[in-house]
Amino acid sequence: MASSSEGLQAYEEEKLLSLPKESGWGSRHLYLHQHFWCPSTHFQGVINFQNHFLAKDSDVIVASFPKSGTTWLKALTFSILNRQRFSSSHNHPLLTSNPHELVPFLDFIFHGDNIHDKLSHLSNMTEPRVFGTHLPFPSLPKSIKESSCKIVYICRNPFDTFVSLWIFANKINPHSMHELTIEEALEKSCKGIVGFGPTWEHMLGYWRESIANPNKVLFLKYEELKEDANFHVKRVAEFLDCPFTKEEESNGVIENIIKLCSFQKMKNLDVNKSGTVGRNLEKKYLFRKGEIGDWVNYFSPAMIEKLSKTMEEKLSGSGLSFKTCS
Ligand code: A3P
């Protein structure tokens, strides 16, 4: 049963008890809710978000599978949208606030009581409002799907995502390493049993929607953003109907945004070096290496074979591929 510290109401606990359950890593338990594995710690927030959130047409949603570059994309999206309000170099909110404070997760906002206070706070926020979510596309509230709000999605090659998550989970829950090995964690992950997974279902849901509805969902890859940030930052701005002007381009506005949101800059800001964000998450854990290909330092040949085969099976025919599996 979910602990009372997870703050569940009686009816939520009852619903939770009826769902298939697995032990998780990072979060104590995972519950199979609407075809995805919802961490027990997020259950109440997710249900309330699904039931109560009302999207506005001007909203922008940064969606991702955990450890795919969410923090980075939140920083970039916030900076792109607010570039007229805040110069990139002086008094920018990102210099004093973590990206997750400026772009809060809708999956967390609704945790706890006082839904009506939260809704009223949300409805008074400066527009365009920018939010984050880890929910798979099919599970997003109707108002997000049916309004004209836009979704920017980031995914990352599953090898690096897995390693990033494994290390992160062990930092936030040092006991998890004693509970299961990296090989066992990969086994679970390949079976889809991972918070907000299955990973491929998550990616494919947004991938397919980005093809069917390119004005609604912009699909980005962490690796491509790293390789050519300038090109993709311009793509994001165009998608959000706020393209950079020629003058902005020649004044270095794009480069300033990229610099401000870069891994080194963000990691070394005092605001990101200590303290917590959201539900007691140490901010320093959000910035590790920020590299492509660190997975080679953690995967055995058997693990490479396992994940490569799973990806081949799950992604084949979708048109979605990653360089590591070729
Ligand atoms: P690593 O663990 O491989 O270093 P998320 O933000 O979705 O939790 O993803 C976390 C991953 O993104 C971590 O990867 C983290 O280091 C990396 N990251 C965080 N901020 C970044 C930035 N500004 N630029 C590039 N990568 C970043």
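Below is a table of values for the structure above.
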{"quantity": "Residue ranges of helices (runs of 4 or more DSSP H) in segment 224-305 with at least 2 members farther than 25 Å from residue 158 by Cβ and within 15 Å of the ligand (Cβ to nearest atom)", "calculated": "253-260, 263-268, 270-273"}
{"quantity": "Meets criteria (β-branched (Val, Ile, Thr) and either within 25 Å of residue 307 (Cβ to Cβ) or within 16 Å of the ligand (Cβ to nearest atom) (or both)) for residue 144", "calculated": "no"}
{"quantity": "Checking residue 72 against (1) open to solvent by 10 Å² or more (accessible area, probe 1.4 Å); (2) more than 16 Å from the ligand (Cβ to nearest atom), the condition it does not meet", "calculated": "(2)"}
{"quantity": "Residue in segment 147-156 that is of a type in the set (Phe, Trp, Tyr) and out of contact with any Gly (no Cβ under 8 Å at 6 or more places or on another chain) present", "calculated": "yes"}
{"quantity": "Scan of segment 305-321 for residues that are surrounded by fewer than 18 Cβ atoms within 10 Å (Cβ to Cβ), touching a residue at least 24 places away in the same chain (Cβ under 8 Å) and not hydroxyl-bearing (Ser, Thr, Tyr), ordered by number", "calculated": "306, 319"}
{"quantity": "Condition met for residue 164 (surrounded by 17 or more Cβ atoms within 10 Å (Cβ to Cβ) and either in contact with a Pro (Cβ under 7 Å, 6 or more places away or on another chain) or under 23 Å from residue 225 (Cα atoms) (or both))", "calculated": "yes"}
{"quantity": "Residues located in segment 209-223, provided they are outside any helix (DSSP H, G or I) and without any contact (Cβ under 8 Å) to a residue 60 or more places away in the chain", "calculated": "213, 214"}
{"quantity": "Single unsatisfied condition, residue 65 versus (1) away from the ligand (no atom under 16 Å from the Cβ); (2) open to solvent by less than 10 Å² (accessible area, probe 1.4 Å); (3) among the aromatic types (Phe, Trp, Tyr)", "calculated": "(1)"}
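The values are calculated or read from the model by the stated rules, or taken from the named source; none is laboratory data. Not measured: the values here are computed from a predicted model. Note that we place each Cβ from the backbone using ideal geometry, even for glycine, and neighbour counts take in every protein chain shown. Protein only, heavy atoms only, side chains kept; ligands, DNA and RNA dropped before computing areas. Shrake-Rupley method; radii C 1.70, N 1.55, O 1.52, S 1.80 Å.
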